[in-house]
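Okay, structure first, notes after.
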Amino acid sequence: MTLRTRFAPSPTGPLHLGHAYSAMLAHDMARAAGGAFLLRLDDIDQSRSRPHWAAQIETDLAWLGLTWDGPVLRQSDRLPCYRAALAALWDRGLLYPCRCTRRDIEAAVSAPQEGAPLHGPDGLIYPGTCRPEHPPRGPMPRDMALRLDMSRAAKAADLPTSPLTYAETGVAPPPPPLSPEHYRHGIGDVALARRDLGASYHLSVVCDDADQGISHVIRGADLAPATAIHVLLQRLLDLPTPIYHHHRLIRDETGRRLAKRDEARAIATFRTEGHSPADIRAMVGLTKLLPLARNTLGG
């Protein structure tokens, strides 16, 4: 198997040290194995994505000494692909339309049942307000949010029993088992299409990784809980499951995870101040290549 990794930032702000670490780690692992490193832009939210940030991403990565194979893939060009995946799930009775706003969901979960988790990997766990008793029939709506009926989906999927893996030990709590109970109660009915965006992150990333032949997904430990959603969608859509590695997060002096608001730690800022790519590697502790973890899920 040829190792193929990717880096898929959103062009909604500057790349910071955390982005640099993730991109360099994926790039270095691919190059060390004689594989491919791909660049993909998560620009499906056109209300927040900006061309100048997209251009800045390529400039920053090139300055860091990273090269990518083939053209840059933009999610905004792939809406028909996502729509086809949604249609496949709709035809199987696994989706339903939802009219709830964020405020509606917050109000509904303001008094959760005792012992029930309030948050999952997709944010507030949806309380099932719009979930129908029977799968909806007829054409799939195009102007409404669509949610995955998690109970039906978990029953329909051939779920793996092997644990997820990490590139570095101790970076996150052990992931829960990929059981129907966890999907129903720990994740809930996630939105796979939003009225204003067309497709959610979860659906688009699964389709993109499959179409690009990604063999190893290397990303931060903050996304580890969402991997259960992605594995489920891959099973439902008959797509391959990559090998997942979730690495440590780069944090500031107070222990807070870096975000795009931290422009003081933006790659462009360090470059302007006279730092070198070697300095950036030293800042994130990536002076030598980390070994790939042994995978038990998809490899």
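Name, by its number, the condition in (1) outside any loop (DSSP other than H, G, I, E, B); (2) modelled with pLDDT of 95 or more; (3) surrounded by 17 or more Cβ atoms within 10 Å (Cβ to Cβ) that does not hold for THR59.
(3)
Please find, among PRO14, PRO9, the residue that is in contact with a strand residue (DSSP E or B) (Cβ under 9 Å, 6 or more places away or on another chain), modelled with pLDDT of 95 or more and either open to solvent by less than 50 Å² (accessible area, probe 1.4 Å) or not in a strand (DSSP E or B) (or both).
Checking each option against the conditions leaves just PRO9.
With the condition kept exactly as written, say whether any residue in the range 112-121 is of a type in the set (A, V, I, L, M, F, W, C), in contact (Cβ under 8 Å) with a residue 12 or more places away in the chain and surrounded by 16 or more Cβ atoms within 10 Å (Cβ to Cβ).
Of the residues in the range 112-121, the ones of a type in the set (A, V, I, L, M, F, W, C) are 116, 118.
Pick out the ones that are also in contact (Cβ under 8 Å) with a residue 12 or more places away in the chain and you get 116.
Filter once more, keeping what is surrounded by 16 or more Cβ atoms within 10 Å (Cβ to Cβ): none.
No, because not a single residue in the range 112-121 is of a type in the set (A, V, I, L, M, F, W, C), in contact (Cβ under 8 Å) with a residue 12 or more places away in the chain and surrounded by 16 or more Cβ atoms within 10 Å (Cβ to Cβ).
Please specify each residue of the range 17-45 satisfying the condition of being over 16 Å from the mean Cα position of the chain (by Cα) and under 19 Å from TYR201 (Cβ atoms). Quick ask: steps written out before the conclusion?
Taking the range 17-45 as the starting set, the residues that turn out to be over 16 Å from the mean Cα position of the chain (by Cα) are 17, 20-21, 24-25, 27-37.
Those that are over 16 Å from the mean Cα position of the chain (by Cα) and under 19 Å from TYR201 (Cβ atoms): none in the range 17-45.
Considering only the range 202-229, how many residues are part of a helix (DSSP H, G or I) and either in contact with a Leu (Cβ under 8 Å, 6 or more places away or on another chain) or crowded, with 23+ Cβ neighbours inside 10 Å (or both)? I'd like the intermediate steps shown before the answer.
First, pick out the residues of the range 202-229 that are part of a helix (DSSP H, G or I): 202-211, 221-223, 227-229.
Among the residues that remain, those that are also either in contact with a Leu (Cβ under 8 Å, 6 or more places away or on another chain) or crowded, with 23+ Cβ neighbours inside 10 Å (or both) are: 202-210, 221-222, 227-229.
So the count comes out to 14.
Any idea which of ALA88, ALA84 is farther than 30 Å from LEU25 by Cα, open to solvent by 50 Å² or more (accessible area, probe 1.4 Å) and not in a loop (DSSP other than H, G, I, E, B)?
Working: ALA88 fails: open to solvent by 50 Å² or more (accessible area, probe 1.4 Å).
After ruling out the rest, the residue left standing is ALA84.
Sort out which residues of the range 180-201 are without any contact (Cβ under 8 Å) to a residue 24 or more places away in the chain and not in a helix (DSSP H, G or I), and write them in order of number. Give the derivation first.
Step one: list which residues in the range 180-201 are without any contact (Cβ under 8 Å) to a residue 24 or more places away in the chain, which gives 181, 200.
The one that is without any contact (Cβ under 8 Å) to a residue 24 or more places away in the chain and not in a helix (DSSP H, G or I): SER200.
Criterion first (of a type outside the set (D, E, K, R), open to solvent by less than 70 Å² (accessible area, probe 1.4 Å), in contact with a helix residue (DSSP H, G or I) (Cβ under 9 Å, 6 or more places away or on another chain) and at pLDDT below 85) does LEU258 satisfy it?
yes
The values are calculated or read from the model by the stated rules, or taken from the named source; none is laboratory data. Not measured: the values here are computed from a predicted model. Counting neighbours? That spans all protein chains shown, and the Cβs are built from the backbone with ideal geometry, glycine included. What goes into the accessible areas is simple: the full protein's heavy atoms, side chains included, and nothing from ligands, DNA or RNA. Shrake-Rupley method; radii C 1.70, N 1.55, O 1.52, S 1.80 Å.
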